Amino acid sequence: MSMAMASEPRYPKIFVEIASQNPLALVAAVREALRLAHVRRSEISEFSDEAFASDSPQDITQVCKQWVRLQSKNLN
């Protein structure tokens, strides 16, 4: 069933390194990664709309995870 694939992001080959806890920086990084991967502008706009419609930083992170793979950067 397709439910098993629910955890797979829309663009599983795109990795974004989380270098900040600022949710707006995360959205910007995902948008840039999508752009560099030549994703259509309409899809990047769809991502942005979903992310900015979120109510909390955690929700924004979840939207980002639905689109790309996130990797934490060691900030130490």
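The C-beta contact set for the stretch 30-59 (first residue touching a residue at least 60 places away in the same chain (Cβ under 8 Å), second residue surrounded by 13 or more Cβ atoms within 10 Å (Cβ to Cβ), distance under 7 angstrom, 6+ apart or interchain) is empty. Within the stretch 55-62, can one find any residue that is surrounded by fewer than 16 Cβ atoms within 10 Å (Cβ to Cβ), touching a helix residue (DSSP H, G or I) at 6+ places or on another chain (Cβ under 9 Å) and not in a helix (DSSP H, G or I)? Checked the stretch 55-62: at least one residue is surrounded by fewer than 16 Cβ atoms within 10 Å (Cβ to Cβ), touching a helix residue (DSSP H, G or I) at 6+ places or on another chain (Cβ under 9 Å) and not in a helix (DSSP H, G or I). When SER48, SER20, SER42 are checked against the criterion of being outside any loop (DSSP other than H, G, I, E, B), among the hydroxyl-bearing types (Ser, Thr, Tyr) and either under 11 Å from the mean Cα position of the chain (by Cα) or at pLDDT below 95 (or both), a single residue qualifies: SER48.
The values are calculated or read from the model by the stated rules, or taken from the named source; none is laboratory data. Computed from a predicted structure; not experimentally measured. Cβ atoms come from the backbone with ideal geometry, glycine included; neighbour counts cover every protein chain shown.
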